[in-house]
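Structure record follows, encoded as structure tokens.
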Amino acid sequence: RDPRTMSIASDAQQMIEVARSEGIETVWDRLEAQQPQCGFCVLGVSCRNCAMGPCRVDPFGAGPQKGVCGAGADVIVARNLGRTIAAGSSSHSDHGRDILEVFAATAHGETTGYRIQDVGKLTRLAAELGIPTEDRTTTQVAVDLADRLMDDFGTRRASLSFVERSPKPRQELWDRLGVTPRGIDRENVEMLHRTHMGVDNDPVNILLHGLRTSLADGWGGSMIATELSDIMFGTPSPVMSTVNLGTLKPGWVNIALHGHNPMLSDVIVQAAEDPALVDRARELGAEGINLVGLCCTGNELLMRRGVPMAGNHLMQELAIMTGALEAMVVDYQCIMPSVTDVARCYHTVVISTADKARFPGAVHVSFDPGRGLEIGRDIVSRGVEAFANRNPDRVRIPDEPVEIMAGFSVEAILGALGGTPAPLVEAIADGRIRGAVGVVGCNNPKITQDYGHVTLTRRLIENDILVLVTGCAAVANGKAGQMVPAAASLAGPGLRATCEALGIPPVLHMGSCVDNTRILVLAAALADHLGVDMSQLPLAGAAPEWYSEKAVAIGAYVVASGITTVLGVDPPILGSAAVTGLLTSGLDDVVGAKFAVEADPEKAAVLIRRHIEGKRAALGL
Ligand code: BF8
Ligand code: SF4
């Protein structure tokens, strides 16, 4: 296979050639080895929820139409989708809880290496949730906020704290539908309960709870992760950095921070500045210590600290093959089990840090926030020592890094607009900007890497649609050079003029995948400003190259929040006409938004433009 059909990014293409010449297996090879993938699973009509099974329903009608328990295709597909949403929602929310626990410990003075960096945001958030702030210390307010958010995880009679942030008409709709999320853990547990054999046997009822489960992620676990990370590590503001494998430096100790949780990586950034460690690196012949990011831990560090970004999801194996990576520090989520296999072919040390995410073949340094900085130093020191084992003849760093602007929190966007969404609303109202689209999500080797993200984004900005990006979609656009202020020249005349006036790119980096909640908060602010619901706004979501269960949870909460979303990879639901019909059409009458599936980003762009023009017309714009 021609590497150009595997990725549009030149650094990936070059490293795929290296993998071949060295005989190292990659994610693309393994996808090929899996062909043909199971047709029953592709359609979502296989079930192994109990030991009477596993079962599968024949989509062509000749074989069994029911599992042993009597479940048909509709129930099986709905149950599988429900469990996928619960897994994705649980991943984000468990990350949110980890942050919350460290925030609580910091508030109680129990941790080292952490402090409350954005006191202003702490105070605003506390006030928003009705926590008294006047004449109280930061600590007192932080302790109350932590307690309040802890409650959100458990069994509550009311709704989650942040549901209040959504526009009133949306809250009323969720109440009418019975999908207002109560406790974050509760909705996830209830989904597992409902999808046990013989509990919820009504596909529509399962899917409604799927929406509730996803809302507990979007307006719960993920939003807690974002907001508390801002408070502890700083709220992002525009920052310039660089992206692609060219961020690795030949003569330096290179350490990649991979995964999702900013907690450990933040102290590693502090540790890497320790003069003793820098001196040791020089003693070993290195010029210094160079930290780079991968995946969403990388996005967190890029957004807040301008740390260069080595690449998105499909780059994790290739980064090791540069022969220039001393250490890959991983926390959790989206870290391929294969990284330790690839690392064995090089001098790279893989360092796992989360007790819930162990990797055979990795060195495990158990992260304890109470000794944050000390552990950070230990990890950096292991990377530095590995430099002595580097084989300079095997170092192949492809490409020069590309510039990227990141750091667009809602606070930063509103700040650039003078503190209110009014100028953005005006630009949308008078048609200079037609609307806004969140292009988010992963890489998937089934799609030419980055092609979906970059093509869709390009077509949207050309047509005066502002694009908001997070996760691996952001990294794809960065590598393609679409995220610098000069990229305004790629945009249509209206968007271009707006971006040039503000000095911003037409594609705004809003952060990691939990930071999709920033897009929700921005959408809510726009809706409130206009006095409408989010479903009436000229907005859309897109996940052109999604792969993960987390992406399914995101798609579900975005649609449940009233924003129509286009997927570039088929979800495993097509074996049920009823579920497919509901998600791609019927849902519009229920929540004012639906899913569409379109693998071709050129066609997806047309579909989204039509959708946005339709919303504009309905608003009389
Ligand atoms: O949370 S976009 S591949 S790295 S799941 Fe993973 Fe997908 Fe990337 Fe971040 Ni999000
Ligand atoms: Fe088969 Fe029903 Fe058990 Fe699923 S729950 S494995 S369909 S018997």
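Structure values in brief
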| read-out | value |
| --- | --- |
| Distribution of pairwise C-alpha distances over region 74-233, 10 Å bins, in % | 11, 37, 30, 15, 6, 0 |
| Highest average packing first - 187-197, 132-142, 506-516, Cβ atoms within 10 Å | 506-516, 187-197, 132-142 |
| Surface per residue (accessible, 1.4 Å probe) for the chain, Å² | 36 |
| Cα Rg over Rh - region 3-56, Kirkwood | 1.24 |
| Projected area, mean over directions - region 113-170, Cα convex hull, nm² | 5.2 |
| Convex hull per residue volume in Å³, alpha carbons only, for region 430-525 | 88 |
| Solvent-accessible ranking of R97, R382, largest area first, probe 1.4 Å | R382, R97 |
| Radius 15 Å from Cβ of A486, net charge of other residues (Lys, Arg +1; Asp, Glu -1) | 0 |
| Ratio of Rg to Rh over region 407-618 (Cα coordinates, Kirkwood Rh, two decimals) | 0.94 |
| Karplus (6.51, -1.76, 1.60) ³J(HN,Hα), θ = phi - 60°, over region 349-357, in Hz, Gly and Pro reported as x | 9, 8, 10, 8, 9, 9, 4, 8, 9 |
| Translational diffusion coefficient (Stokes-Einstein; Kirkwood radius from C-alpha pairs) of region 498-555 at 25 °C, 0.890 mPa s, in µm²/s | 183 |
| Dipole moment magnitude, nearest 20 debye, the chain about Cα centre, only Lys, Arg, Asp, Glu C-beta charged | 980 |
| Solvent-accessible area, 1.4 Å probe, carbon plus sulfur percent, for the chain | 53 |
| For the chain, alpha-carbon Rg relative to the globular expectation (2.2 N^0.38 Å, N residues) | 0.93 |
| For the chain, share of DSSP beta bridges that run antiparallel, in % to the nearest 5 | 15 |
| Radius, Kirkwood style, for region 240-394 when every pair of distinct Cα atoms is counted (Å) | 14.9 |
| Signed unit charges on C-beta, dipole axis of the chain, positive-most listed residue L607, F40, L325 | F40 |
| Range of Cα positions in region 244-302 per principal axis (Å), largest first | 32, 24, 13 |
| Over region 386-426, equivalent-ellipsoid semi-axes from the Cα gyration tensor in Å | 46, 12, 5 |
| Residues listed by number, region 93-129, amide nitrogen under 12 Å from R148 label point at 7 Å toward C-beta | 122-129 |
| Between region 421-465 and region 45-113, the Cα center-to-center distance that results, in Å | 30 |
| Greater than 25 Å apart at Cα, pairs in K121/K594; K594/K615; K249/K356; K249/K479; K66/K603 | K121/K594; K249/K356; K66/K603 |
| Of every Cα-Cα pair in region 61-104, the percent that sits beyond 17 Å | 54 |
| Whole-Å distance, taken between Cα centres, linking region 247-283 and region 510-550 | 33 |
| Residue-averaged 222 nm ellipticity for the chain, from DSSP H runs of 4+ at -39500 (n - 2.57), nearest 500 | -14000 deg cm²/dmol |
| Binned Cα-Cα distance frequencies in region 468-571 - 10 Å width, integer % | 14, 40, 37, 9, 0 |
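The values are calculated or read from the model by the stated rules, or taken from the named source; none is laboratory data. Every value quoted in this text rests on a predicted model; they were computed, and no experiment measured them. Positions of Cβ are generated from backbone atoms using ideal geometry, with glycine treated the same way; all protein chains shown enter the neighbour counts. The protein model used for the area step is the full one, side chains on, heavy atoms only, and it has no ligands, DNA or RNA in it. Shrake-Rupley method; radii C 1.70, N 1.55, O 1.52, S 1.80 Å.
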